[in-house]
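In what follows, a single structure is set out as structure tokens and then discussed.
The values are calculated or read from the model by the stated rules, or taken from the named source; none is laboratory data. No experiment lies behind these values; they were computed from the predicted model shown. Cβ atoms come from the backbone with ideal geometry, glycine included; neighbour counts cover every protein chain shown.
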Amino acid sequence: MASADALERRSRVPVWRLDVPGTYRAHERVIIGGGTLIGVLLAWELVARIGLMDPMFISAPTLIARAGYTLLAEGELWPDFQVSATEFLFGYALAAVVGIPLGLATGRYPRLSFVFGPFVDTLNAVPRLTLMPLIVIWFGIGIWSKIVVVFLGAVLPVVIAAQSGVKTNEARFIRVARSFGASELKIFSSIILPGTVPFIFTGLKYGAGRALLGVVVGELYAATAGIGHMIGMAGNTLQTDALFFGVLMFTAAGLVTVWVLNLCERRFETWRPKVGAAA
Amino acid sequence: MSAEAMGRHDAQSAKPPVGVAWRLKRLYLDHERAILGTVVVILFLTFWEGLERGWWTDMLRPLTVGAAERWTVKPIFISSPTRIAAAANRMFFVTGEIWPHLRWSALEYAAGLALAIGVGIPLGLGAGWYRRFAYAAEPFLAALNATPQVAFLPLIIVWVGTGVAAKILIIFLLAVLPIAISAQSAVRTTDARLVTLARSCNAGQWQLFRSVILPSAIPYLLAGLRLAIGRAMIGIVVGEIYGSALGVGAMINQAGSRFQTDRVFVGVLTIVAAGMVLSEVVRRIERRVEPWRAALS
């Protein structure tokens with residue numbers, strides 16, 4: 001009894017022993033990942049500083065940070081950012097607003113899918129970015145051509161995901177609801193929609209990457225403003241620091257988008273039907 | 001007795017309503033998908049053709065008096081199915097001007113994809129097999145995955161110019177990630193029991209890799225390859241935006257800036273056809289490999 005007490009007391013006393021292997025093992029992933037990242041950045045900086053390679057071509061982490069600071073502090077980047085963000089958000093929102101209802105409808109009504117199927121399949125086979133020259137002819141080099149290309153890039157994954165989501169709905173649930181006299185609207189709101197939401201998020205996530213791609217290509221191709229345009233200009237004038245910073249902004253945009261969508265998805269995770277679990 | 005029963009059954013099944021209308025309806029319902037799809041596509045093409053030739057404005061003229069003229073869409077904007085067909089015929093069979101473009105793009109595509117496979121598969125297999133290597137590569141792969149890779153295009157041009165190397169590199173960048181990621185998950189999903197079994201039979205690393213991991217990874221690798229084919233197609237068009245004289249993407253760009261819409265459509269359709277052929281090839285390979293996987297699991 002006493003010895004157990006002592007043991008407990010002893011284990012409660014904080015031991016300031018440095019458990020190096022234990023700490024390492026617990027955080028191996030972060031340590032190795034972070035270490036490699038820092039190592040590469042240091043090597044990059046060193047190569048540029050020593051003059052092994054011309055900083056004009058490869059830039060350097062500190063140069064990029066400085067360029068980023070200047071661009072942000074002088075507010076030079078703000079208009080470009082606003083244009084790119086508008087194109088992305090507008091085109092993406094349009095894709096969601098058009099794509100989700102279209103996917104739900106074509107999934108629910110086979111006849112509609114027979115009508116829209118050929119167009120969706122054809123458009124899905126086309127790398128939509130090849131349509132860029134046409135879109136510029138139709139919508140000019142302003143913001144609208146980018147919104148259209150973002151929309152075209154993002155809408156198809158959303159449509160296809162929503163459609164296949166509806167199709168995988170449990171037929172049993174729908175039959176049960178029918179036999180209890182549920183209206184079409186009720187079936188839709190309490191069976192089809194909840195079961196489809198996870199699929200829609202998959203489509204939205206996939207579409208977000210496509211949308212970002214559309215912003216970059218659209219602005220590189222023909223634009224008067226935007227981060228992509230800024231990157232292109234920086235490349236033409238050999239300002240590799242600014243160029244790298246622009247690319248980093250796209251990386252950040254991609255990470256933030258996926259993060260936001262993951263948050264939303266987790267919010268709806270409980271809606272995911274557990275097919276077969278009840279059987 | 002059984003023959004008799006069958007005969008009765010036949011007679012019964014032949015009895016139901018046999019009117020022409022019923023047969024037509026039956027025919028329609030059996031092939032509803034094909035019929036509806038074809039009709040809609042034909043309607044769409046007719047509408048398109050009519051828009052360009054002014055059929056609809058002619059039709060509406062009595063109603064709208066003079067205002068209809070404004071609704072005519074100039075051919076340079078939308079082209080038309082027949083114009084596109086004529087342009088395709090000219091470019092493929094009369095002047096044959098598209099072949100050098102096609103050959104050049106195919107060369108870039110093959111080189112870029114080969115580089116992506118050559119780098120992506122070992123990288124992915126390594127990251128799947130060696131945990132520490134995966135940890136080291138993770139930040140870079142994640143960052144590259146989150147970035148729209150085409151944003152590197154201006155940088156690539158600063159480094160290697162606008163020549164063929166730039167296209168190969170951008171195709172590589174677009175295609176390498178799906179390949180590497182699928183290779184990594186392929187190794188991770190290898191049946192652990194098989195690995196344990198091979199180990200206890202004293203198999204060496206190489207033997208283990210060749211006879212357990214690689215065979216079970218092949219289907220995943222092919223799935224990754226199919227994704228990569230589509231991504232690399234984007235690379236052709238995007239890579240040739242900047243100062244290319246040859247290539248299907250360059251042809252599309254030049255035609256676009258000269259408002260030769262029919263040629264743009266021919267280029268786009270050529271790329272679509274190439275993509276379809278390539279993914280069909282991969283699907284054939286997948287089907288051949290499929291029994292291999294079944295035998296293993």
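Residues of the range B:31-57 that are under 25 Å from A:Y109 (Cβ atoms) and more than 13 Å from chain A (Cβ to nearest Cβ): B:T46 alone.
When we screen A:A85, A:A65 for residues that are hydrophobic (A, V, I, L, M, F, W, C), free of Cβ contacts under 8 Å to residues at least 24 places away in the same chain, within 28 Å of B:M233 (Cα to Cα) and away from every other protein chain (no Cβ under 14 Å), the only hit is A:A85. Say whether the condition of being out of contact with any Pro (no Cβ under 9 Å at 6 or more places or on another chain), without any contact (Cβ under 8 Å) to a residue 40 or more places away in the chain and either among the charged types (D, E, K, R) or outside the structural domain of B:L113 (by TED's automatic domain parsing) (or both) is met by at least one residue in the range B:135-143. There is at least one residue in the range B:135-143 that is out of contact with any Pro (no Cβ under 9 Å at 6 or more places or on another chain), without any contact (Cβ under 8 Å) to a residue 40 or more places away in the chain and either among the charged types (D, E, K, R) or outside the structural domain of B:L113 (by TED's automatic domain parsing) (or both). The residue list A:P118, A:P133, A:P127, A:P101 contains one member that is under 22 Å from the mean Cα position of the chain (by Cα) and within 12 Å of chain B (Cβ to nearest Cβ), which is A:P127. Of the residues screened, B:G249 is one that is in contact (Cβ under 8 Å) with a residue 12 or more places away in the chain, within 11 Å of another protein chain (Cβ to nearest Cβ), in a helix (DSSP H, G or I) and not charged (D, E, K, R). Can you tell me which residue within the range B:103-132, out of those that are within 14 Å of chain A (Cβ to nearest Cβ) and closer than 21 Å to B:N253 by Cβ, is nearest to the chain's Cα centre (by Cα)? So the residue we want is B:Y109.
Please verify whether A:F180 is more than 25 Å from A:I100 (Cβ to Cβ), more than 13 Å from the chain's Cα centre (by Cα) and buried (at least 17 other Cβ atoms within 10 Å of the Cβ), treating the condition exactly as stated. Criteria not met by A:F180.
Of note, A:G214 satisfies the criterion of being in contact with a Leu (Cβ under 8 Å, 6 or more places away or on another chain) and within 30 Å of B:N253 (Cβ to Cβ).
The single residue among A:A234, A:A225 that is surrounded by fewer than 24 Cβ atoms within 10 Å (Cβ to Cβ) and more than 10 Å from chain B (Cβ to nearest Cβ) turns out to be A:A225. The condition (being assigned to a helix (DSSP H, G or I), out of contact with any strand residue (DSSP E or B) (no Cβ under 8 Å at 6 or more places or on another chain) and either acidic (D, E) or over 22 Å from A:G246 (Cα atoms) (or both)) is satisfied by just one residue among A:G68, A:G107: A:G107. Within the range A:115-134, being in contact with a Ser or Thr (Cβ under 9 Å, 6 or more places away or on another chain) and among the aromatic types (F, W, Y) holds for one residue alone: A:F116. Determine whether the range B:275-296 contains at least one residue that is within 10 Å of another protein chain (Cβ to nearest Cβ), crowded, with 17+ Cβ neighbours inside 10 Å and closer than 24 Å to B:V164 by Cβ. Yes: one or more hits. When the criteria are applied in full, B:V238 meets the requirement of being in contact (Cβ under 8 Å) with a residue 40 or more places away in the chain, within 11 Å of another protein chain (Cβ to nearest Cβ) and in a helix (DSSP H, G or I). Determine, yes or no, whether B:A110 is in the same structural domain as B:L227 (by TED's automatic domain parsing), at pLDDT 85 or above and assigned to a helix (DSSP H, G or I). Taking the combined requirement at face value, the residue satisfies it. Could we say that B:L194 is assigned by TED's automatic domain parsing to the domain that holds B:G267, modelled with pLDDT of 85 or more and part of a helix (DSSP H, G or I) here? Against the criterion (assigned by TED's automatic domain parsing to the domain that holds B:G267, modelled with pLDDT of 85 or more and part of a helix (DSSP H, G or I)), B:L194 does not qualify.
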